[in-house]
Amino acid sequence: MSVEQQQQLQHYLQLLQRWNKVYNLTAVRDPAQMQIVHLDDSLSVAPFLRGETCLDVGSGAGLPGIPLAIVQPQRQFTLLDTNGKKTRFMQQAVLELGLKNVKVVQTRVESWQPEACFDAVISRAFASLHDFVTFTGKQVCEGGILYAMKGRYPADELAALPTGWRVVAEHPLQVPGLDAQRHLLELQRE
């Protein structure tokens, strides 16, 4: 990671702290915890992402999309959320950070009609795996991958996975300083 990327990540964290005081973007208030719970957790999936375009569904305060866009400038990210104050924050962060590879969209994923499909769709605690696949499956290109960031291994959710979808990879994630289980599941059409 370059010095410029490290500075952008810290600038993003400062913006998140400042806006969080007024708009309650996240329950995490402590800057050190924000670093671990938000930035480090988001970046833990970076080695696994593939494709040129990525949709971050339920992005909230831009997580994991903004940190990933900072460290992966070659990939195009679309950050989608229904909450106006959160999308306004993301737009401001994208502007201040000078991220040319990020687009912010305020709408519901289940009713959204994008111009093109995405190579990857990612979510961080967006919904159950069933709902994630149901709501976002139509947004991913043929051969594309849905990336579900989860805490504990979601055995019950996997049992309820809609037909036509399968898990193609499972990655236990190690987030330094985070004393909690984290998993990344890769889902693909059968």
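The values are calculated or read from the model by the stated rules, or taken from the named source; none is laboratory data. Everything quoted here is computed from the prediction, not taken from an experiment. Cβ atoms come from the backbone with ideal geometry, glycine included; neighbour counts cover every protein chain shown. For accessibility, only protein heavy atoms count, side chains too; no ligands or nucleic acids. Shrake-Rupley method; radii C 1.70, N 1.55, O 1.52, S 1.80 Å.
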**Item:** Qualifying position, being free of Cβ contacts under 8 Å to residues at least 40 places away in the same chain and assigned to a strand (DSSP E or B), among Arg152, Arg166
**Value:** Arg166
**Test set (1) over 24 Å from Arg182 (Cα atoms); (2) without any contact (Cβ under 8 Å) to a residue 60 or more places away in the chain; (3) surrounded by fewer than 16 Cβ atoms within 10 Å (Cβ to Cβ) - Gln91 fails condition number** = (3)
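Which of the residues that make up the stretch 115-130 are open to solvent by less than 60 Å² (accessible area, probe 1.4 Å) and under 13 Å from Lys150 (Cβ atoms)? Break it down into steps so the answer makes sense when it comes.
Initially, the stretch 115-130 is screened for residues open to solvent by less than 60 Å² (accessible area, probe 1.4 Å), giving 118-124, 127-129.
Ile122, Ser123, Arg124, Ala127, Ser128, Leu129, listed by residue number.
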**Item:** Meets criteria (open to solvent by 10 Å² or more (accessible area, probe 1.4 Å), of a type in the set (Gly, Ala, Ser) and over 23 Å from His171 (Cβ atoms)) for Ser111
**Value:** yes
**Message:** Looking at the stretch 39-58, can you tell me whether even one residue there is within 18 Å of Val105 (Cα to Cα), of a type outside the set (A, V, I, L, M) and open to solvent by less than 20 Å² (accessible area, probe 1.4 Å)?
**Reply:** yes
**Prompt:** Name the residues in the stretch 4-38 that are in contact with a Leu (Cβ under 8 Å, 6 or more places away or on another chain) and open to solvent by 40 Å² or more (accessible area, probe 1.4 Å), would you?
**Reply:** His11, Trp19, Pro31, Gln35
**Request:** Sort out which residues of the stretch 127-148 are more than 19 Å from Pro114 (Cα to Cα) and at pLDDT 95 or above, and write them in order of number.
**Result:** Ala148
